[in-house]
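What follows is a single structure, written as structure tokens, with notes after it.
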Amino acid sequence: MQNNSVASRPHVLHVYKDYYPPVLGGVEMTINLLAEGCLPHYQTSVLVNSGSRSSSEEMINGVKVVRISELGRAASAPFSPAFVSALACEAKTADILHFHHPNPTGDLARFLTRPSAPAVMTYHSDVVRQRWAMIGYGPLQNWMMKHCKVIMPTSPNYMESSTWLQRHRERCTVVPLGIRTDSFRESPDVLERARQIRSTYQRSLVLFVGRLRYYKGLQFLVEAMKDVNADLLIAGTGPMEDSLRQQAAVLGVADRIHFVGDIVDAEKIASYYAADVFCMPSHLRSEAFGLSQVEAMLTGLPVVSTRIASGVPFVNHDGISGFTVEPENPAALADALIRLLSDDSLRNRLGSQARERAQTEFSASRMCEQVMEVYARVLQK
């Protein structure tokens with residue numbers, strides 16, 4: 001049993017470009033869960049960029065968060081000369097460096113500083129949209145993966161479909177992502193708010209939660225709604241919103257597609273409980289896992305998602321927690337939604353199985369336990 005005093009706990013330094021809070025992305029929130037969840041056994045700190053010309057340091061729930069200045073971003077990667085010296089400084093007290101991929105800024109800093117602490121990597125996604133950047137970044141990424149003791153893909157599906165992970169398969173240990181399952185439990189306030197949301201809509205309710213980005217495939221869901229006698233609630237904002245609104249108007253379904261914008265956690269959870277089915281129509285591998293599926297499953301919602309070559313169909317098992325269909329196929333999406341909405345017994349059964357799967361496989365505590373097993377192996381070596 002490890003002594004829980006700060007001095008005796010091994011120190012893990014997480015390295016990425018952003019952190020939650022304030023950034024609400026899936027990677028950022030995963031780093032937060034790992035940093036805080038491993039605190040009983042590991043001293044943890046986080047090194048990220050600040051999104052501005054100034055640097056800062058603060059303690060958040062027992063985690064030291066160091067934010068380093070940047071001059072701007074290109075292809076989503078921060079340009080931050082100061083990050084190199086910052087990594088060299090912070091790594092001096094670290095027993096393990098935990099990098100989160102993709103992050104060229106952190107990879108370059110490690111290449112230039114060569115800290116002595118062993119490194120592990122959570123491999124969240126291939127570089128998909130900025131594939132052209134791999135001409136220059138590819139050799140650095142290969143070096144980085146080669147010099148990590150353990151690489152943690154988030155699903156077996158992604159490990160099999162990624163040529164980069166296949167190159168370093170012998171270093172790979174799959175560790176699925178997780179979320180705080182307790183946050184999605186029913187409560188009187190949540191159920192009352194869910195009842196209020198549901199009373200606003202006269203038809204069955206299909207829900208989508210997430211950023212309105214290019215890879216989410218929402219244009220295919222909007223088209224599918226022509227054939228589905230239900231309302232679609234879209235919770236989130238993003239660059240695709242205007243085009244989706246225009247598409248809904250052209251197709252004559254604007255009265256049944258409701259854009260509610262970004263919603264706070266309590267409203268989001270209530271929306272899950274108000275809905276009948278959750279849909280994730282993502283059509284590109286940039287959707288590497290789909291944590292919003294897990295959130296929906298925890299509230300007992302069956303999921304309709306796609307069979308893209310990523311962790312999405314790993315999370316949502318076809319016929320167990322919902323249905324998976326071919327990507328970019330509005331007719332298939334419509335058929336799956338209609339099947340669930342028209343069969344209460346099927347919908348309830350898959351929803352119950354979805355909740356059980358999410359609680360068993362995708363909890364934050366399970367993710368932290370598996371990551372700490374990796375840490376222990378690395379430290380023993």
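This table checks each residue for (1) aromatic (Phe, Trp, Tyr); (2) modelled with pLDDT under 95; (3) assigned to a loop (DSSP other than H, G, I, E, B); (4) closer than 22 Å to residue 379 by Cα.
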{"residue": "4", "(1), (2), (3), (4)": "no, yes, yes, yes"}
{"residue": "22", "(1), (2), (3), (4)": "no, yes, yes, no"}
{"residue": "33", "(1), (2), (3), (4)": "no, no, no, yes"}
{"residue": "47", "(1), (2), (3), (4)": "no, no, no, yes"}
{"residue": "51", "(1), (2), (3), (4)": "no, yes, yes, no"}
{"residue": "54", "(1), (2), (3), (4)": "no, no, yes, no"}
{"residue": "70", "(1), (2), (3), (4)": "no, no, yes, no"}
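Scan (1) open to solvent by 10 Å² or more (accessible area, probe 1.4 Å); (2) of a type in the set (Phe, Trp, Tyr); (3) not in a helix (DSSP H, G or I) for the single condition residue 99 breaks and write down its number.
Here residue 99 meets the rest and fails (1).
Of the conditions (1) surrounded by fewer than 19 Cβ atoms within 10 Å (Cβ to Cβ); (2) without any contact (Cβ under 8 Å) to a residue 60 or more places away in the chain; (3) more than 21 Å from residue 376 (Cα to Cα), residue 146 clears all except one; give me its number.
If we test residue 146 against (1) surrounded by fewer than 19 Cβ atoms within 10 Å (Cβ to Cβ); (2) without any contact (Cβ under 8 Å) to a residue 60 or more places away in the chain; (3) more than 21 Å from residue 376 (Cα to Cα), just (3) comes out false.
Name every residue in the range 239-257 that is within 24 Å of the chain's Cα centre (by Cα) and surrounded by 15 or more Cβ atoms within 10 Å (Cβ to Cβ), in order of residue number.
240, 241, 244
Of all the residues that make up the range 124-140, how many are surrounded by 14 or more Cβ atoms within 10 Å (Cβ to Cβ), over 23 Å from residue 29 (Cα atoms) and either at pLDDT 85 or above or out of contact with any strand residue (DSSP E or B) (no Cβ under 9 Å at 6 or more places or on another chain) (or both)?
3
Kindly indicate whether residue 161 is over 26 Å from residue 243 (Cβ atoms) and in contact (Cβ under 8 Å) with a residue 24 or more places away in the chain. Don't jump to the end; show me each part of the working.
Numbers: over 26 Å from residue 243 (Cβ atoms): yes; in contact (Cβ under 8 Å) with a residue 24 or more places away in the chain: yes.
Yes.
Among 176, 156, which is the only one that is crowded, with 20+ Cβ neighbours inside 10 Å, in contact (Cβ under 8 Å) with a residue 24 or more places away in the chain and under 20 Å from residue 369 (Cβ atoms)? Can you show your working first?
On the way: 156 fails: crowded, with 20+ Cβ neighbours inside 10 Å.
On inspection, the qualifying residue turns out to be 176.
Of all residues in the range 67-96, which are touching a helix residue (DSSP H, G or I) at 6+ places or on another chain (Cβ under 6 Å), closer than 20 Å to residue 12 by Cβ and open to solvent by 10 Å² or more (accessible area, probe 1.4 Å)?
Within the range 67-96, 68, 88 qualify.
Taking the stated definitions as given, is residue 31 open to solvent by less than 50 Å² (accessible area, probe 1.4 Å) and either farther than 22 Å from residue 238 by Cβ or in contact with a Ser or Thr (Cβ under 7 Å, 6 or more places away or on another chain) (or both)? Give the steps one after another, and end with the answer.
Values: open to solvent by less than 50 Å² (accessible area, probe 1.4 Å): yes; either farther than 22 Å from residue 238 by Cβ or in contact with a Ser or Thr (Cβ under 7 Å, 6 or more places away or on another chain) (or both): no.
It is false that residue 31 is open to solvent by less than 50 Å² (accessible area, probe 1.4 Å) and either farther than 22 Å from residue 238 by Cβ or in contact with a Ser or Thr (Cβ under 7 Å, 6 or more places away or on another chain) (or both).
The values are calculated or read from the model by the stated rules, or taken from the named source; none is laboratory data. Quick caveat, the model's predicted, so the values are computed rather than measured. Virtual Cβ from ideal backbone geometry, glycine too; neighbours counted across all protein chains shown. Areas reflect the complete protein model, heavy atoms only, side chains present, ligands, DNA and RNA absent. Shrake-Rupley method; radii C 1.70, N 1.55, O 1.52, S 1.80 Å.
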